1. 7 Å from Cα along Cα→Cβ at both ARG2 and LYS109: what's the point-to-point distance in nm?
2. In nanometres, what is the gap between the two model label sites at THR90 and GLU47, each 7 Å from Cα along Cα-to-Cβ?
3. Considering all alpha-carbon pairs of the chain, what whole percent are spaced by more than 21 angstrom?
4. Identify the GluC sites (Glu not before Pro) of segment 78-177 meeting these criteria: DSSP loop state and at most 16 other C-beta atoms within 10 Å of the C-beta.
5. Which whole-number percent is the relative contact order of segment 46-199 (Cα, under 8 Å, 6+ apart)?
6. Describe numerically, in nm with one decimal, the distance between label points set 7 Å from Cα along Cα→Cβ at LYS97 and at ARG195.
7. Among ARG86, ARG187, which comes first, second and so on when ranked by fewest other beta-carbon atoms within 10 Å?
8. Can you put TRP59, TRP141 in order, fewest other beta carbons within 10 Å first?
Amino acid sequence: MRLLVATTNPGKLVEVREILAGLGFVLVSLADLQLPAPDETGATFEENAALKASACATWSNLWTLGDDSGLCVDALGGAPGVFSARYAPTEEERRAKLLRNLAAVPDPKRGAHFFCAVALSSPDGKRLFRADGRVDGGIAWAARGGNGFGYDPLFVPAETPGKTLAELSSAEKNRLSHRGRALERLRPLLEKLQRAGGL
């Protein structure tokens with residue numbers, strides 16, 4: 001059974017495939033189907049996840065998994081938040097901008113969390129199932145590690161002090177990441193969908 005992951009981000013698609021391995025879905029992306037990504041006009045992660053899931057399900061006539069996630073930094077009032085992917089033009093520039101904005105912030109005040117909202121939409125876009133996940137931690141002083149994407153090289157989870165998300169193995173990262181936790185909460189529904197071919 002095909003399941004559309006409403007993303008054009010290849011790193012995110014790889015991560016979702018790893019997290020959902022064993023469920024038996026053939027995961028395809030918007031790029032695979034040559035579909036555009038809908039504009040993220042929601043004010044919250046939850047609104048954007050639902051918007052992406054329902055719009056892309058309608059376009060593709062497939063069960064669709066949409067997510068919206070971001071980094072929320074305490075010292076920046078929760079920024080970049082829902083604008084995490086639009087904080088600067090490229091991943092490298094986004095990380096550099098974040099470090100510049102935190103240059104004068106000492107370790108005890110560099111707290112942050114990653115948040116992910118996921119939504120699973122029926123092919124007609126009318127039924128939505130939701131879940132979310134969060135991981136707390138802080139921001140490192142420099143990017144470290146090569147396993148991950150986005151802000152992963154800067155984020156140090158509370159569960160792995162001294163190691164950024166990008167320094168963890170894929171299995172370690174997926175076990176404690178915001179996206180891993182959100183999808184794990186959705187797993188029972190996905191298992192039911194795969195068994196029955198519908199919900």
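1. Label at ARG2, label at LYS109, 5.2 nm between them.
2. My value for the distance between the label points is 3.2 nm.
3. Details: 9743 of 19701 pairs.
The calculated P(r) of the chain puts 49 percent of pairs beyond 21 Å.
4. On the way: sites: GLU91, GLU92, GLU93, GLU159, GLU167, GLU172; in loops: GLU159.
For GluC sites (Glu not before Pro) across segment 78-177 that sit outside H, G, I, E and B with at most 16 neighbouring Cβ atoms in 10 Å, the list reads GLU159.
5. Values: 303 pairs, mean separation 33.0, N = 154.
Computed value for segment 46-199: 21 percent relative contact order.
6. If labels sit at LYS97 and ARG195, their model points lie 4.6 nm apart.
7. Numbers: ARG86 11, ARG187 14.
Fewest-to-most ranking of ARG86, ARG187: ARG86, ARG187.
8. Values: TRP59 17, TRP141 11.
By the 10 Å Cβ count, ascending: TRP141, TRP59.
Since every read-out is calculated from the coordinates, none of them should be taken as a lab result. Not measured: the values here are computed from a predicted model. So basically every Cβ, Gly included, is an ideal-geometry build from the backbone, and we count neighbours across all protein chains shown.
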